[in-house]
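> I am attaching a structure below and will ask some questions about it afterwards.
None of the figures in this text is laboratory data; all of them are computed from the coordinates on show. Since the structure is predicted, the reported quantities are computational estimates derived from the model, not experimental observations. Note that each Cβ is placed from the backbone with ideal geometry, even for glycine, and that neighbours are counted across all protein chains shown.
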Amino acid sequence: MARHAFEVQVLPQFLPEQSAPEQGIWSFAYTITITNAGEIPAQLISRHWIITNELGELEEVKGLGVVGHQPLLKPGESFEYTSGCRLRTASGSMKGSYFCVAEDGERFEVDVPEFVLDDGRRRVLH
């Protein structure tokens with residue numbers, strides 16, 4: 001087992017009731033579960049997201065914590081939160097990272113692999 005390790009699981013979801021495709025707004029939620037898979041307690045300090053729509057337009061988001069929290073997780077503990085984003089297209093993707101500090105002072109980053117945001121409708125490509 002690694003001394004410093006967080007595991008991240010992501011569940012994205014399209015929000016039709018908060019979307020207005022005729023106005024170019026598609027809303028998505030994503031639920032993230034962060035688990036301390038390491039040997040010592042560590043705290044999530046900040047987040048960094050890169051959001052890309054299907055036109056290749058990028059939006060970068062940086063900030064302290066997640067949904068107003070900077071969870072301190074003991075080994076085996078998890079923190080789950082739900083957040084969201086809006087796109088100007090019906091699909092896109094997100095990827096990013098969390099900056100963390102362990103109880104022993106070690107700093108480390110946790111990559112969040114790219115995940116797809118999609119409204120679920122089949123589109124015909126021309």
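> For the stretch 63-105, name all the residues that are more than 18 Å from the chain's Cα centre (by Cα), free of Cβ contacts under 8 Å to residues at least 60 places away in the same chain and part of a strand (DSSP E or B).
Matches in the stretch 63-105: 101 only.
> Do we find that residue 55 is under 22 Å from residue 18 (Cα atoms), in a loop (DSSP other than H, G, I, E, B) and among the aliphatic types (A, V, I, L, M) in this structure? Don't jump to the end; show me each part of the working.
Details: under 22 Å from residue 18 (Cα atoms): yes; in a loop (DSSP other than H, G, I, E, B): yes; among the aliphatic types (A, V, I, L, M): yes.
Yes, satisfied.
> Counting just the residues of the stretch 12-52 that are free of Cβ contacts under 8 Å to residues at least 40 places away in the same chain and assigned to a strand (DSSP E or B), which one comes out surrounded by the fewest Cβ atoms within 10 Å (Cβ to Cβ)?
My answer is 20.
> Take the stretch 27-62 and flag every residue that is touching a Gly at 6+ places or on another chain (Cβ under 8 Å) and within 24 Å of residue 121 (Cβ to Cβ).
Within the stretch 27-62, 27, 28, 29, 30, 51, 52, 53, 54 meet the criteria.
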